[in-house]
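Single-structure report; data block below.
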Amino acid sequence: MTDRYDPLTGERLLETVRRALAHIPFYANYPAPSGDAWFEALPVLRREDLTGVAPTRWLHPDLDLAAELARGTLRPLTTSGSTDEPLKVYADTALSLPPNVWSMHGLPDDAKLVNLTAPVCLGSSCPGDVAPHGARGLLLTFRAGLFTASDVSIARAVTAWNAFAPRIAFVNPAWLHWLHRRARGLGLTMRPPELLCLTYQYPSVCQRRALKAAFPVPQVEFYGASEFGGTDLAIGCDQGHLHLVEYQAYVEALPSEHAGHDELVFTTPVSRAMPLVRYTPGDLGRVTRVEEDACALWDVPVVELHGRLREVMHSTTQVVTTRAFDDAVGAVPGLEFYGARSRQGALTMQVIVAPGQDAAVTSALQACAKALGFSSLAVQVVEQLELGASGKLQLTGEDERHALETR
């Protein structure tokens, strides 16, 4: 491994942050680095701090934006809007990165890849249900949204998937689970890829279990946020741990508004386009390490995600994060999809279950809710769930802010 992939820690971290503060217009009013703890004294940025800021304020003044865009070394991105209004950012495609994850699984750089991470199409920009994606990819989308897609759209997507024969599937786990479920209902099979890359939203135990049964291939999780210019902050190993991509990101776990639960704060100053210093994407979690030789990346810090800060729930006894709730209910046999909302210690769930499992699933969920301290649980068995504006399936939240809509 060459020096350019050294961990973004210590002096290298401080030097790249100093350069960002010195040259990026957004940081013009930041105090100059001084003293031993100047980095820890810098403010923590949040989504609202970025809202309304012209994207060019994030660029190094020596960058020619038009030329960079023409060359493709900078690429415009728009965040999904799942946490607030969408933001426009620029991805630095000129970053020098180490070998990608699929090469670690014996797959070549030009292996065919299917992308199922943007199923909700808005306006005329939607390319249709099936479209090429780069030089070696296939993009599957659904004009009406995945959960409301017609049988014809499902069949078209499955036919395209099988004809394309992807070796890598880069997917939202909930969407691939639903696509496979619908395909199975139509008597269709889907050709397994050689590697499943799970991304875009928190991967429920339900989806992991279903996808492992449907596609018995390695699963690798990717964690990132569009605010970081498409940079992956953490990537899963063969043992299921999310390891920090430490040559381009530094992570802190700082106390959140909920006692006992830390908020993840990232610094990614290596990008020329949007070097974020101490920015939180709004996720709870902790930073840990695994035992020596527990996996191939045992010496790299592990980012343990607990879900979004704004999606915690409150029982009568505790704050319940997405991870805590999913760990409790995700393994319930017959539960395939769910959305849960709490209010004043009571819980409501909408669930999609395996045929004939309504009573068993409801009984098991009642026991889980009681163990977590909820005063009551109302379960609705539905045929489909509502996706958010960004196309994500929100697992948990307070219903004052995230009301469930019954279909």
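Taking the criterion of being under 28 Å from the mean Cα position of the chain (by Cα), assigned by TED's automatic domain parsing to the domain that holds E257 and hydroxyl-bearing (S, T, Y), would at least one residue in segment 34-42 satisfy it?
Within segment 34-42, none of the residues are under 28 Å from the mean Cα position of the chain (by Cα), assigned by TED's automatic domain parsing to the domain that holds E257 and hydroxyl-bearing (S, T, Y).
Inspect segment 286-293 for any residue being in contact (Cβ under 8 Å) with a residue 60 or more places away in the chain, buried (at least 17 other Cβ atoms within 10 Å of the Cβ) and of a type outside the set (D, E, K, R) and give the result as yes or no.
No: zero hits.
Which is farther than 24 Å from G388 by Cα, small (G, A, S) and assigned to a helix (DSSP H, G or I), of A160, A183, A174?
A160
Against the condition charged (D, E, K, R) and within 30 Å of D6 (Cα to Cα), how does D283 come out, does it pass?
yes
Can you list residue pairs whose Cβ atoms sit under 6 Å apart, with the first residue in segment 327-342 being outside the structural domain of W175 (by TED's automatic domain parsing) and in contact (Cβ under 8 Å) with a residue 40 or more places away in the chain and the second being surrounded by fewer than 22 Cβ atoms within 10 Å (Cβ to Cβ) and assigned to a strand (DSSP E or B)? Count only pairs 6 or more apart in sequence or on different chains.
Filtered contacts from segment 327-342: E336/I352; F337/I352; G339/Q350; R341/T348; S342/H314; S342/E398.
Spot the failing condition for T316; the list is (1) under 18 Å from A259 (Cβ atoms); (2) in a loop (DSSP other than H, G, I, E, B); (3) at pLDDT below 95, and only one is missed.
Here T316 clears every test but (3).
In segment 244-253, which residue that is crowded, with 22+ Cβ neighbours inside 10 Å and in contact (Cβ under 8 Å) with a residue 40 or more places away in the chain is farthest from R308 (Cα to Cα)?
Per the stated criteria, the residue is Q248.
Over 24 Å from D92 (Cβ atoms), touching an Asp or Glu at 6+ places or on another chain (Cβ under 6 Å) and surrounded by 17 or more Cβ atoms within 10 Å (Cβ to Cβ), is that true of S256?
Yes, satisfied.
Limited to segment 72-129, what total is found for residues that are of a type in the set (S, T, Y), modelled with pLDDT of 75 or more and exposed (fewer than 13 other Cβ atoms within 10 Å of the Cβ)?
Residues in segment 72-129 being of a type in the set (S, T, Y), modelled with pLDDT of 75 or more and exposed (fewer than 13 other Cβ atoms within 10 Å of the Cβ): 2 in total.
Given the structure, is S271 within 28 Å of F337 (Cα to Cα), surrounded by 23 or more Cβ atoms within 10 Å (Cβ to Cβ) and touching a helix residue (DSSP H, G or I) at 6+ places or on another chain (Cβ under 8 Å)?
no
I'm trying to understand the selection: among the residues of segment 1-26, which are more than 30 Å from L297 (Cα to Cα) and surrounded by fewer than 17 Cβ atoms within 10 Å (Cβ to Cβ)?
Result: A22, H23, P25.
In segment 207-243, which residues are in a helix (DSSP H, G or I) and aliphatic (A, V, I, L, M)?
A210, L211, A213, A214
The values are calculated or read from the model by the stated rules, or taken from the named source; none is laboratory data. Treat the numbers as computed from the prediction; the structure is a model and nothing was measured. We place every Cβ from the backbone using ideal geometry, glycine too, and count neighbours over all the protein chains shown.
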